[in-house]
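Colleague: Pasting a structure below so you can have a look.
The values are calculated or read from the model by the stated rules, or taken from the named source; none is laboratory data. None of these values were measured; they are calculated from a predicted model. Positions of Cβ are backbone-derived with ideal geometry, glycine not excepted, and every protein chain shown enters the neighbour counts.
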Amino acid sequence: MGYKIVVGVVLGTICSVSGYLIGSQIPRYSHLGWTSWVGALAGLLIALLTLQLEQIIKRVPLKIILGGTLGLFIGLGIAKLASYPFEQYLGQSFLQIPIYISFSAIFGYIGLVLGGKKMAEVTTPLFLEENKSLRFQPKILDTSVIIDGRIADICETGFIEGTFIVPKFVLEELQYIADSADNLKRSRGRRGLDILKRIQKNSRVRVEFTDDGVSKATVDSKLIELALKTHAKILTNDFNLNKVADLQGIEVLNINQLANALKPAVLPGEILHVHIIREGKSQGQGVAYMDDGTMVVIENARRYIGKQVDVSVTSVLQTTAGRMIFTEIKDSNNLSAAYHSK
């Protein structure tokens, strides 16, 4: 955000000074002191209009900009040809300039509009397709994925590159959580701010803080509206936001789904060595956990809580919350050994 302010100040200064000098050099009004200041004001207004135009243009796909520019030049060429007969007929008449300006405005506008629309119908290379570019498509971070913190580790491995967009309302939500009277919420909010600072220091990604106006009430609605407006993906851990965004055609990157996909595959009949730590929900069950946090449910193992045993995988259940592995004690000898080792 800081560099944009610097660029705006430099552009405004250059345009104002240029306008001041131009105003002071107008032959007919050069003796009037106020013309210089009028020129400076006009230059400042031009700079402000340029900055506003930049905000509009950056949301337009590149191929439409190229098509519109090409159409504009073709339209201006046609305007020059159309005005040529009038120049020959009227000679040095004062009507030449108004006619040429009129033709330029008419044919230039037609070329600009048709060029942009027709270019949208043409199949273009991948680097011009902002919506289909996977490598350079920006990613919007939501509050949950920032507080989670694993996104910083993933960025450091180099698996994710490009631009991260952090909306102002997400930053405000993090600040609100960090200022909470609840100690747990306050710690989570401060952790989120620390994670953002850590991501900013990573050279593989670029973090942009945006203040694009969105009209929706809830944070999830604002994220979806911003993603639709900027053609960006959403990085989140929120299951419900994931589903709603999918329904509206927005691509979502869910860190929890990534973590589940990276867990090692376990097949029925495979032998696992686990440490049973507590009782399961059903009678007689024991519960253990693998190194990656996957829950292992062991049948008829309640007596051996606190023991390490070999178990045989019977089935694997994949849920939205993660994966569960159902097992049974490998053999009776193993049970006896585990029991007597107490």
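Colleague: Does any residue in segment 46-63 that is over 18 Å from THR13 (Cβ atoms) come within less than 8 Å, Cβ to Cβ, of a residue that is at pLDDT below 75 and assigned to a helix (DSSP H, G or I) six or more places away or on a different chain, and which pairs are these?
Modeller: The qualifying pairs are PRO61/ALA120; PRO61/LEU128; LEU62/LEU128; LYS63/MET119; LYS63/ALA120; LYS63/LEU128.
Colleague: Identify all residues within segment 65-118 that are polar (S, T, N, Q), surrounded by fewer than 16 Cβ atoms within 10 Å (Cβ to Cβ) and either under 43 Å from the mean Cα position of the chain (by Cα) or at pLDDT 85 or above (or both); write none if there are none.
Modeller: Result: THR69, SER102.
Colleague: Could you list all residues from segment 54-93 that are of a type in the set (Asp, Glu) and farther than 18 Å from HIS231 by Cα?
Modeller: GLU87
Colleague: Further question on the same structure: In segment 201-258, which residue that is within 13 Å of VAL170 (Cα to Cα) and in a strand (DSSP E or B) is nearest to the chain's Cα centre (by Cα)?
Modeller: Among those that are within 13 Å of VAL170 (Cα to Cα) and in a strand (DSSP E or B), it is ILE234.
Colleague: Say we look at segment 259-285 and pick out the residues that are basic (Lys, Arg) and in a loop (DSSP other than H, G, I, E, B); which of these is farthest from LYS307 (Cα to Cα)?
Modeller: In this case the residue turns out to be LYS263.
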